[in-house]
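So the structure is just underneath, and the comments pick up after that.
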Amino acid sequence: MKKPVESAPPLDLKRSLAMFEDAQRLTPGGVGGIRRPYNFVVGEYPIFITKGYGGHIVDVDGNDYIDMLCAYGPIILGYVEPEINDAVKARMDDGFCFSLVQPIQNELEERLADVLPCGEQTIIVKTGSDATNAAVRAARAYTGREVIARCGYHGWGDWCVENPGGIPQAVQDLTKEFHYGSIEDLERVFAENDGRVACVIITPVGHPLAAPVMPPPPGYLEAVKELTHRHGAVLIFDEVRTGFRVAMGGAQERYGVTPDLATVGKAMANGYPIAAVVGSREVLSVYEKAAFLSSTFFPNSLEMVAAMTCMDILEREKVQDVIWERGTAFLEKLGRIVDDSGVPVSMSGIPPMPFLWFDKADEHYKARRTDFYTQCIRRGLFVQPYHHWYICYRHTEEDLARALEVVEESLAYVGERYPRA
Ligand SMILES: Cc1ncc(COP(=O)(O)O)c(C=O)c1O
């Protein structure tokens with residue numbers, strides 16, 4: 001008789017849990033939004049991390065994981081890249097925060113404009129939210145219109161955040177959401193807001209939270225662009241996740257559709273906080289006078305040095321090609337494992353961003369998902385139930401093979417506990 005699949009033993013998380021007790025006294029919710037335990041499996045996942053190396057992280061209790069969440073996207077190379085850190089340290093010795101800007105700003109702006117197909121001008125900021133906020137403000141100032149059509153997660157700006165707490169109704173009313181992949185739905189937004197839409201902001205690959213990842217259907221991005229321009233609105237690709245990851249020039253390069261503006265961040269500097277709006281000189285010229293954008297830390301240069309060095313490595317080692325190739329093989333094997341498992345789960349994603357999606361087939365789907373992720377983390381694979389995974393450059397062949405083994409074992413465990421309805 002076939003031996004039943006054993007559960008892996010629970011992890012020792014004593015220190016993480018004790019620190020979380022302290023954290024809840026110190027800051028609301030203990031830790032910020034998406035890092036809170038309920039986004040993983042409560043009581044099973046670590047909360048505090050002490051270090052990373054290559055494609056791994058180590059928690060405060062000494063547990064070591066293959067990390068396929070990659071800090072929610074910034075880690076494209078791996079944790080701790082000496083070449084980047086050495087360049088940053090050298091900059092520290094001459095200072096990096098001044099009342100005026102530093103020459104590296106020109107170099108980085110020029111490089112971003114060269115790398116991204118939409119690039120004419122660039123504004124460098126610090127976070128993805130800074131970039132999306134700046135892009136929609138530019139579109140509103142440029143068009144003189146107020147309505148924003150959006151699709152996907154774009155950060156914590158008042159105009160886009162899902163949780164309406166603290167946001168005036170009048171502001172919420174100006175943002176209209178449409179479904180990724182349906183041109184009819186975007187047509188509906190234009191029809192309902194005739195002459196009022198300032199911009200369409202869309203993640204060029206569909207990757208909403210707690211949903212499968214969706215590559216652009218054939219002709220979809222082209223149709224979005226045509227429709228947006230026909231209505232005199234600005235097209236913004238939010239490439240905060242896809243920038244530097246699906247190709248050096250982002251999804252716009254890989255899928256061959258150039259927006260008016262693009263926002264990039266995350267993978268741009270392998271973890272250093274920097275982001276940018278890149279695109280049409282005409283639209284961005286509103287920031288010469290008609291609109292305002294400034295922050296004390298925007299011109300700090302450590303992150304610019306990190307971005308330049310990260311881009312050197314990405315180009316020199318053709319990192320995106322390597323990740324795409326490894327990711328293609330990973331997805332193929334994942335697909336076979338999923339098919340053989342008999343568990344109602346499906347594979348989604350594109351090679352650098354794989355994901356598993358638990359079909360809402362019957363009342364056990366949440367239990368299956370919770371057990372699956374519990375078994376994954378106990379077996380040393382750090383992935384997230386509601387967010388797609390990432391492959392980074394320093395994930396070794398062994399890391400990826402082990403990750404697939406963990407997925408296979410965890411699905412086998414789930415399959416035995418909750419047979420299909
Ligand atoms: C597509 C997209 N846009 C914008 C943001 C906001 O970026 P940040 O968290 O750096 O403010 C994110 C963050 O996850 C994102 O995925």
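Looking at Pro299, Pro259, Pro273, which is the one that is in a loop (DSSP other than H, G, I, E, B) and within 11 Å of the ligand (Cβ to nearest atom)?
On the way: Pro299 fails: within 11 Å of the ligand (Cβ to nearest atom); Pro259 fails: within 11 Å of the ligand (Cβ to nearest atom).
Going through Pro299, Pro259, Pro273 in turn, the sole match is Pro273.
How many residues, within region 161-216, are in a loop (DSSP other than H, G, I, E, B) and of a type in the set (S, T, N, Q)? Break it down stepwise before answering.
We begin by selecting, within region 161-216, every residue in a loop (DSSP other than H, G, I, E, B); these are 161-168, 173-174, 178-182, 193-196, 203-205, 207-213, 215-216.
Narrowing the set further to residues that are of a type in the set (S, T, N, Q) leaves 163, 182, 193, 203.
Of the residues in region 161-216, 4 are in a loop (DSSP other than H, G, I, E, B) and of a type in the set (S, T, N, Q).
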Fill in the blank from the handout: Over region 217-235, the set of residues free of Cβ contacts under 8 Å to residues at least 60 places away in the same chain and either of a type in the set (Asp, Glu) or in a strand (DSSP E or B) (or both) is Glu222, Glu226, Leu235
Problem - Only listed residue being within 15 Å of the ligand (Cβ to nearest atom), surrounded by 17 or more Cβ atoms within 10 Å (Cβ to Cβ) and within 18 Å of Gly279 (Cβ to Cβ), chosen from Ala135, Ala139 - result: Ala135
Problem - Subset of region 149-170 that is surrounded by 14 or more Cβ atoms within 10 Å (Cβ to Cβ) and free of Cβ contacts under 8 Å to residues at least 24 places away in the same chain - its residue that is nearest to Val125 (Cα to Cα) - result: Asp158
Fill in the blank from the handout: Going through (1) within 16 Å of the ligand (Cβ to nearest atom); (2) assigned to a helix (DSSP H, G or I) one by one, Arg150 fails only at (2)
Fill in the blank from the handout: Expected single match for at pLDDT 95 or above and not assigned by TED's automatic domain parsing to the domain that holds Ser294 among Asp64, Asp114, Asp94 is Asp64
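Looking at region 276-296, which of the residues that are away from the ligand (no atom under 16 Å from the Cβ) and in a loop (DSSP other than H, G, I, E, B) is nearest to Glu226 (Cα to Cα)?
Narrowing region 276-296 to residues away from the ligand (no atom under 16 Å from the Cβ): 280-292, 294, 296.
In the following step, the residues that additionally are in a loop (DSSP other than H, G, I, E, B) were identified as 280, 289-292, 294, 296.
Working: Ser280: 16, Lys289: 29, Ala290: 27, Ala291: 27, Phe292: 29, Ser294: 32, Thr296: 38 Å.
The selected residue is Ser280.
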Practice task
Return yes when Tyr220 is more than 13 Å from the chain's Cα centre (by Cα), on the phi < 0 side of the Ramachandran plot, aromatic (Phe, Trp, Tyr) and within 16 Å of the ligand (Cβ to nearest atom) and no when it is not.
Solution key: no
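Conditions tested, residue by residue: (1) away from the ligand (no atom under 16 Å from the Cβ); (2) surrounded by fewer than 18 Cβ atoms within 10 Å (Cβ to Cβ); (3) under 27 Å from Gly165 (Cβ atoms).
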| site | (1), (2), (3) |
| --- | --- |
| Leu17 | yes, yes, no |
| Leu26 | yes, yes, yes |
| Gly29 | yes, yes, yes |
| Ile34 | no, yes, yes |
| Tyr45 | yes, no, yes |
| Ile49 | yes, no, no |
| Gly55 | yes, no, no |
| Gly62 | yes, yes, no |
| Tyr65 | yes, no, no |
Fill in the blank from the handout: Given the conditions (1) part of a strand (DSSP E or B); (2) more than 16 Å from the ligand (Cβ to nearest atom), every one holds for Ile123 apart from (2)
Problem - Among (1) in the same structural domain as Val58 (by TED's automatic domain parsing); (2) within 19 Å of the chain's Cα centre (by Cα); (3) among the small types (Gly, Ala, Ser), the one test that Ala307 misses - result: (1)
Completion exercise
Across region 153-178, the tally of residues that are more than 21 Å from Gly265 (Cβ to Cβ) and either of a type in the set (Asp, Glu) or away from the ligand (no atom under 16 Å from the Cβ) (or both) stands at 13
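If a residue has to be assigned to a loop (DSSP other than H, G, I, E, B) and within 16 Å of the ligand (Cβ to nearest atom) to count, how many in region 236-256 make the cut? Before the answer, list the steps.
Taking region 236-256 and keeping what is assigned to a loop (DSSP other than H, G, I, E, B), we get 239-242, 244-246, 248-249, 256.
Filter again for within 16 Å of the ligand (Cβ to nearest atom), leaving 239-242, 244-246.
Residues meeting the conditions: 7.
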Exercise for the section: Answer yes or no as to whether Pro208 is within 16 Å of the ligand (Cβ to nearest atom) and either assigned by TED's automatic domain parsing to the domain that holds Ala149 or surrounded by fewer than 16 Cβ atoms within 10 Å (Cβ to Cβ) (or both). Expected result: yes
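The values are calculated or read from the model by the stated rules, or taken from the named source; none is laboratory data. Bear in mind that the values here come from a model prediction, so they are computed numbers and not experimental data. FYI the Cβ positions are ideal-geometry reconstructions off the backbone, even for glycines, and counts take in every protein chain you see.
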